[in-house]
């Protein structure tokens with residue numbers, strides 16, 4: 001029996017400014033080798049991509065009240081164990097006015113205490129987020145309930 005598909009979400013959270021669009025990124029304060037990232041993570045069983053996007057943005061930045069839009073890309077790459085994994089990039093918008101902030105993860109999970117350094121960066125003029133349908137096999141994995149985080 002094939003391995004279940006691991007479904008993940010990544011969020012391109014943008015805002016409009018007088019200088020043009022910006023996208024939210026973050027760094028791990030205590031793990032700089034993790035690199036600069038977009039908010040994202042695993043989609044829980046039975047969770048929609050939209051709900052996962054809201055949860056991941058909150059867990060990694062503290063932001064709420066975002067508007068999740070279209071799916072704009074799917075990246076297919078196996079996990080370290082070789083299981084199939086699909087990361088769906090979704091576009092979202094915010095009206096957040098802070099340019100940068102530090103967020104410490106609360107709660108009881110394994111991320112508790114992690115410190116994220118959040119900031120908006122200009123979105124290059126040649127980058128245009130647009131809708132790209134996800135592949136049929138990604139739709140099948142979600143509809144069959146075979147996706148796991």
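Of the residues making up region 28-43, those that are within 18 Å of residue 89 (Cβ to Cβ) and touching a helix residue (DSSP H, G or I) at 6+ places or on another chain (Cβ under 7 Å) are 39, 40, 41, 43. Every residue in region 61-72 that is in contact with a strand residue (DSSP E or B) (Cβ under 8 Å, 6 or more places away or on another chain) and more than 13 Å from residue 8 (Cα to Cα), please. Listed by number, the residues that qualify are 61, 62, 63, 66, 67, 68, 69, 70, 72. For region 73-95, which residues satisfy the criterion of being outside any strand (DSSP E or B) and either more than 25 Å from residue 22 (Cα to Cα) or touching a strand residue (DSSP E or B) at 6+ places or on another chain (Cβ under 6 Å) (or both)? If the condition is that a residue be outside any strand (DSSP E or B) and either more than 25 Å from residue 22 (Cα to Cα) or touching a strand residue (DSSP E or B) at 6+ places or on another chain (Cβ under 6 Å) (or both), then 77, 78, 79, 80, 81, 82, 83, 84, 94 are the ones that fit. You will find that of 65, 69, the residue that is part of a strand (DSSP E or B), without any contact (Cβ under 8 Å) to a residue 60 or more places away in the chain, out of contact with any helix residue (DSSP H, G or I) (no Cβ under 7 Å at 6 or more places or on another chain) and under 20 Å from residue 120 (Cα atoms) is 69 and no other.
Scanning region 1-27 for residues that are surrounded by 19 or more Cβ atoms within 10 Å (Cβ to Cβ), closer than 19 Å to residue 57 by Cα and in contact with a helix residue (DSSP H, G or I) (Cβ under 8 Å, 6 or more places away or on another chain) yields 7, 9, 11, 13, 24, 26. Tell me which residues, restricted to region 26-60, are free of Cβ contacts under 8 Å to residues at least 12 places away in the same chain and in contact with a strand residue (DSSP E or B) (Cβ under 6 Å, 6 or more places away or on another chain). Once the filter is applied, which keeps residues that are free of Cβ contacts under 8 Å to residues at least 12 places away in the same chain and in contact with a strand residue (DSSP E or B) (Cβ under 6 Å, 6 or more places away or on another chain), region 26-60 yields 34, 36.
Each residue in region 1-46 was checked for being under 11 Å from the mean Cα position of the chain (by Cα), within 19 Å of residue 96 (Cβ to Cβ) and assigned to a loop (DSSP other than H, G, I, E, B), and 2 of them qualify.
Here, each number is a calculation from the coordinates, and none is a lab measurement. In this text the structure is predicted, and so the values were computed from the model without any measurement. Cβ atoms come from the backbone with ideal geometry, glycine included; neighbour counts cover every protein chain shown.
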